[in-house]
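Below: one structure, written as structure tokens.
The values are calculated or read from the model by the stated rules, or taken from the named source; none is laboratory data. Treat the numbers as computed from the prediction; the structure is a model and nothing was measured. Neighbour counts are summed over all protein chains in view; Cβ atoms, including those assigned to glycine, are modelled from backbone coordinates with ideal geometry.
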Ligand SMILES: CC(=O)N[C@H]1[C@@H](OP(=O)(O)OP(=O)(O)OC[C@H]2O[C@@H](n3ccc(=O)[nH]c3=O)[C@H](O)[C@@H]2O)O[C@H](CO)[C@@H](O)[C@@H]1O
Ligand SMILES: C=C(OP(=O)(O)O)C(=O)O
């Protein structure tokens, strides 16, 4: 288990380039299984979850060639379906949530797959109903074996159909889409997720020969085709990393420029930080956050306390609520953070409270933050990173705090943030990996 030692209280300054989007990468890399032809992908982040998925794809028989630090060519000409019988596969597939998305491509191309219950962050129940119900609607047959904990799936006769998803699941939509592109006939997915990750996947699939329309909306229409070909694709910058850097800049009173941020793809994210009183200047495709000692939370128009809540896209992503929460601890004013999607993602506030933040955890989904308005800094303490986003929220808290903090279990942070210690140290942070 690795740890970070952080000496807090230093202002950071400079430019930072966001990594490629983790959650996009997990979908796009699974999609290479849909074709025997080469697929070249650029701007792949060098992070644990993505590297594990690339390894898994390689073990399934795809040729994986690293072209540069962030570009890979994949060629899934010979896929070894028998690998899915091995204990190694079980271990690899449970290690990350994204692995569930090999299901759609394997069913579409080979008519069969098996998959153990996947892993991912322990941030509450993470059901897979949407994936399974959607694939079943396409004609897949699921059999769960309680002895080995595997789902055995037969998808030899996938047939396009209309479906209304029980919820707008991000990975669920991706999985169903990837099965539908090679199914017979037309599939219509209503209540589809439409995060930029999904939009990017749709664009890539279309450039491989798929026929998907409605991209960016919650109604996707997919006309099945016989086969898909190779393509070249570039990942968007990671909007969650971008949001994390905005929060970091405000909380530490730093002047930071986030380069090449694909501003048009950020949806409501800049506006939410704006409502927290954080000044953000868009310069071309860069985001400039000037040094601000103070920032004041807005209220709603009727004067009532601001609530920041998550919602499926184009609502505010749940993956940035932990960052918003920590950033609010030094704002002026009060905000109610409402994490609607996940039921165990706010418990990390006990560490912020230990550091001196004023937070009332109302229930597992809601926390009220009463901003300190810089009257007192947070205090450095020793803590553990419970999940990827809480981990970065704690890192931001530690960087702003007086004194030294230790964060244990930083593997959670490494799952999604590329060389975060080195990149922040280049801006003047004092983070040491122990
Ligand atoms: C690898 C990956 O891409 N992971 C992301 C993906 O996870 P993932 O695709 O697993 O998450 P889902 O979109 O399926 O759902 C996440 C949670 O939100 C709930 N839910 C979902 C939709 C909805 O309309 N109402 C609702 O309450 C679900 O019950 C679940 O508890 O999307 C989540 C929601 O943006 C993000 O936090 C994860 O970072
Ligand atoms: C919850 C997240 O990741 P995963 O779905 O991979 O657990 C996240 O990226 O914040």
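Checked against (1) surrounded by 23 or more Cβ atoms within 10 Å (Cβ to Cβ); (2) within 24 Å of residue 181 (Cβ to Cβ); (3) in contact with a strand residue (DSSP E or B) (Cβ under 7 Å, 6 or more places away or on another chain), residue 45 meets all criteria but (2). The one condition from (1) surrounded by 18 or more Cβ atoms within 10 Å (Cβ to Cβ); (2) within 16 Å of ligand 1 (Cβ to nearest atom) that residue 127 does not meet is (1). For the residues 182, 135, 128, 158, the requirement of being away from ligand 2 (no atom under 16 Å from the Cβ) and under 24 Å from the mean Cα position of the chain (by Cα) singles out 135.
Of all the numbered requirements in (1) under 26 Å from the mean Cα position of the chain (by Cα); (2) within 30 Å of residue 211 (Cβ to Cβ), residue 68 misses one, and that requirement is (2).
Here residue 206 fulfils each of the conditions (1) within 16 Å of ligand 2 (Cβ to nearest atom); (2) free of Cβ contacts under 8 Å to residues at least 24 places away in the same chain apart from (1). Check the range 4-19 and report whether any residue there is within 16 Å of ligand 2 (Cβ to nearest atom), under 19 Å from residue 420 (Cβ atoms) and either at pLDDT 95 or above or not assigned by TED's automatic domain parsing to the domain that holds residue 394 (or both). Yes, the conditions are met somewhere in the range 4-19. Looking at the range 244-357, the strands (runs of 3 or more DSSP E) lying wholly inside it that each contain 1 or more residues that are free of Cβ contacts under 8 Å to residues at least 60 places away in the same chain, within 16 Å of ligand 2 (Cβ to nearest atom) and surrounded by 18 or more Cβ atoms within 10 Å (Cβ to Cβ) sit at 334-338.
Surrounded by fewer than 23 Cβ atoms within 10 Å (Cβ to Cβ) and in the same structural domain as residue 253 (by TED's automatic domain parsing): is that true of residue 363 in this structure?
Against the criterion (surrounded by fewer than 23 Cβ atoms within 10 Å (Cβ to Cβ) and in the same structural domain as residue 253 (by TED's automatic domain parsing)), residue 363 qualifies.
Counting only residues that are touching a helix residue (DSSP H, G or I) at 6+ places or on another chain (Cβ under 8 Å) and at pLDDT 95 or above, how many does the range 36-51 have?
The qualifying residues number 6.
The residues on offer are 189, 198, 246, 176, and the sole one that is closer than 29 Å to residue 388 by Cβ and not assigned by TED's automatic domain parsing to the domain that holds residue 105 is 246.
Those strands (runs of 3 or more DSSP E) of the range 20-123 in which 2 or more residues are within 16 Å of ligand 1 (Cβ to nearest atom) occupy 112-116.
Name the one entry in 418, 412 that is within 16 Å of ligand 2 (Cβ to nearest atom) and over 27 Å from residue 343 (Cβ atoms). Among 418, 412, only 418 is within 16 Å of ligand 2 (Cβ to nearest atom) and over 27 Å from residue 343 (Cβ atoms). Of the numbered criteria (1) outside any loop (DSSP other than H, G, I, E, B); (2) modelled with pLDDT of 95 or more, the one residue 167 fails is (1).
Could you say whether any residue in the range 389-405 is free of Cβ contacts under 8 Å to residues at least 40 places away in the same chain, surrounded by fewer than 16 Cβ atoms within 10 Å (Cβ to Cβ) and assigned by TED's automatic domain parsing to the domain that holds residue 324? So far as the range 389-405 goes, no, none of its residues is free of Cβ contacts under 8 Å to residues at least 40 places away in the same chain, surrounded by fewer than 16 Cβ atoms within 10 Å (Cβ to Cβ) and assigned by TED's automatic domain parsing to the domain that holds residue 324.
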